[in-house]
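Presented below is the structure to which this report refers.
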Amino acid sequence: GPLLIPVLGDQLTPDIAALRAADKKDSIVLIMEVADETTYVKHHKAKIAFILSAMRHHAQRLRGLGWTVDYVKLDAPDNSGSFTGEVARAVERHRPRAIHVTEAGEWRVRAMLESWETRFAIPVTIHEDDRFLCAHAEFDTWAAARKQLRMEYFYRDMRRKTGLLLDEDGGSEGGQWNYDADNRKPAPGRDLLMPQPIRFRPDATTRDVLDMVTERFSDHIGSLDHFHFAVTHEEALRQQRQFLDDALPRFGDYQDAMLTDEPFLWHSILSPYLNAGLLDPLALCQEVDRRYRAGKVPLNCAEGFIRQIIGWREYIRGVYWHEGPDYGARNALEAKRDLPGFYWTGETDMHCLAQAIGQTIDHGYAHHIQRLMITGNFALIAGIAPHQVHVWYLEVYADAYEWVEMPNTLGMALFADGGLLGSKPYAAGGAYINRMSDYCGRCRYDVKKRVGEDACPFNALYWDFIARNERRLARNPRMAMAYRTWDRMKPADREATRMQAANFLDDLA
Ligand code: FAD
Ligand code: DLZ
Ligand code: SF4
């Protein structure tokens with residue numbers, strides 16, 4: 001029989017390892033839309049539509065390249081609903097001599113792939129996913145030699161490995177590895193010339209998918225009214241080019257800025273495409289390097305962007321696989337509260353949260369600092385149970401897969417891993433949000449107040465978080481300032497602050 005090559009929904013490139021190793025004339029590619037994957041968490045409607053439409057377009061592309069593709073649609077009459085069930089049916093149909101597959105992006109699916117050889121009694125080869133720069137073994141070696149896993153050192157190794165932004169002597173371009181000190185400017189005034197991502201018009205294939213998603217997933221979060229994602233490699237490349245031309249030259253400066261009714265700012269909006277396989281991360285970074293050398297992009301912007309991809313993105317993935325499947329159960333701060341209902345509706349008087357959640361519902365997108373310092377920070381200081389927060393992030397963002405979402409949520413945003421990923425919790429009161437955004441001027445709360453009916457809830461929650469976690473955090477040198485300030489507060493003020501937080505949290509429940 002032929003070779004059977006299952007291609008998963010986030011492996012949408014003809015260069016994926018299992019295909020590269022195979023002979024077109026002797027292989028059947030199996031692409032499966034399955035109920036389990038669409039509902040193991042209740043993904044945002046736009047996320048499901050994006051992935052299924054990209055899968056259908058990818059099947060066309062592979063056929064165009066000469067592959068034989070067996071494509072199972074979600075509403076096919078005998079669709080079994082799972083990867084393993086569909087591979088079982090394909091084994092019946094094609095009687096393959098062997099299965100070749102590229103490794104999955106999460107522990108849950110990895111276990112399925114690993115069960116196939118025994119279950120089907122045919123040889124199964126699982127190829128390592130070499131879209132990533134750092135192989136599992138390489139990360140494990142790097143991590144084994146260290147007490148703390150700091151991104152910055154990992155990143156330098158990736159710079160050396162790729163040659164990106166190196167000078168002739170192999171040192172860092174410009175003499176520094178990291179130009180963050182030049183970045184992180186507060187939000188500028190609204191600017192009519194602000195770049196906007198391309199709004200791709202749905203073609204017939206996408207419209208079919210949108211109809212199916214509307215019908216089948218009406219109880220999932222999110223709107224399809226704003227669906228403009230790229231769904232092919234060519235479209236994703238157009239978005240990449242537009243980002244490089246229009247937004248990258250100011251990417252670094254405003255990386256942490258937030259503006260009302262401006263969901264995208266100078267961000268790339270490329271994560272859904274990088275993660276699903278429509279774009280190649282290394283090729284993208286090489287193009288950024290070329291544009292820096294051609295004088296089209298300042299060094300702080302080129303370096304900042306490349307760091308997000310070969311630094312953060314690779315490092316986060318390394319941590320996910322290095323830490324093992326129990327990482328998701330960690331809860332170092334013993335946070336237990338339920339996720340507030342407004343995470344599903346955006347209906348709250350807190351303007352910053354209403355903005356970040358509202359655009360998430362509309363677009364399946366929020367940029368990093370909204371995820372970290374608005375929705376993430378609120379969940380951290382309000383003490384929301386990490387597992388619930390994790391499920392929310394995994395559901396609502398079009399770019400969310402467990403390998404990247406989980407360490408960002410549990411580790412970076414919630415400190416639930418006790419400081420493996422970050423040396424201190426990213427906890428902040430309203431002052432930080434006010435500095436980086438125009439949100440507070442449009443909010444019913446007063447960002448300058450800690451107690452009282454109109455006090456910004458982030459303020460009391462922040463101090464309540466500090467007080468509540470004294471036993472766990474007071475010895476952290478990076479938290480020393482916060483504890484000194486708390487200790488210097490008058491007892492009556494401390495009392496009032498904690499009452500304010502307690503009342504607010506009671507009302508949330
Ligand atoms: P840009 O700002 O243009 O950045 C460029 C690229 O860098 C991104 O496309 C992404 O590939 C990469 N990148 C930047 N930061 C990170 C990071 N911390 N981890 C991994 N890659 C990064 N990113 C996801 O891709 N999927 C997720 O499910 C996800 N969940 C997150 C959850 C939380 C709580 C937080 C704080 C961050 C999360 N991120 C996630 C990281 C980051 O927020 C998104 O990658 C980014 O907002 C995507 O938008 P963009 O493409 O416009 O990014
Ligand atoms: C996220 C997702 C969804 C919604 N649907 C499918 C699907 O129907 N078929 C598929 O192959 N993949 C889907 N995916 C992506 C998978 O969940 C992803 O490939 C796994 O997380 C493994 O990494
Ligand atoms: Fe958010 Fe507080 Fe600012 Fe309102 S005042 S936008 S709640 S930080």
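What to note about this one:
- Spin-label model distance (nm) - residue 191 vs residue 472, 7 Å beyond Cα toward Cβ: 4.0 nm
- Per-residue Cβ neighbour counts within 10 Å put 420, 284 in the sequence 420, 284, beginning with the fewest.
- FRET E, pair residue 110, residue 15, Förster distance 30 Å, beta-carbon r, rounded to 0.05: 0.90
- With only the Cα atoms considered, the stretch 3-127 has a convex hull volume of 98 Å³ per residue.
- Taking the DSSP beta bridges with both ends in the chain, the antiparallel portion is around 10 percent.
- Virtual paramagnetic centre 7 Å along Cα→Cβ of residue 68, amide N under 15 Å, in the stretch 26-44: 26-31
- Helix 491-508 axis versus longest C-alpha principal axis of the chain: approximately 40°, rounded to the nearest ten.
- Cross-link partners of residue 449 among lysines, defined as those whose alpha carbon lies under 29 angstrom from its own and excluding same-chain residues fewer than eight positions apart: 185, 336, 424, 490.
- Entry for the stretch 412-509 at q = 0.13 Å⁻¹: log10 I(q)/I(0) = -0.49, Debye formula applied to identical alpha-carbon scatterers, no solvent contribution.
- Cα gyration tensor shape of the stretch 87-209, rounded if a/c is under 1.5, else prolate or oblate by comparing a/b with b/c: oblate
- Cross-link partners of residue 24 among lysines, defined as those whose alpha carbon lies under 26 angstrom from its own and excluding same-chain residues fewer than eight positions apart: 73.
- For the stretch 132-185, the list of GluC sites (Glu not before Pro) that fall in a loop by DSSP and count at most 14 other C-beta atoms within 10 angstrom reads 168.
- Against the empirical curve 2.2 N^0.38 Å, the C-alpha radius of gyration of the stretch 342-508 lands at a ratio of 1.01.
- Its Cα centre serving as origin, the stretch 3-127 has a Cβ charge dipole (Lys and Arg +1, Asp and Glu -1) of approximately 280 debye.
- Cα shape, the chain, gyration tensor, a/c 1.5 rule: prolate
- C-alpha center-to-center spacing [the stretch 357-419, the stretch 220-264] in angstrom: 19 Å
- Net charge dipole, the stretch 342-508: roughly 980 debye, given to the nearest 20, about the Cα centre with Cβ charges of +1 for Lys and Arg and -1 for Asp and Glu.
- Summing charges over neighbours of residue 188, with a neighbour being any other residue whose Cβ is under 11 Å away from its Cβ, gives -1 when K and R count +1 and D and E count -1.
Taken together, the values in this text are just the output of simple stated rules run on the coordinates, not laboratory data. These figures come from a predicted structure and were not determined experimentally. Cβ: placed from backbone, ideal geometry, glycine included. Neighbour counts: every protein chain shown.
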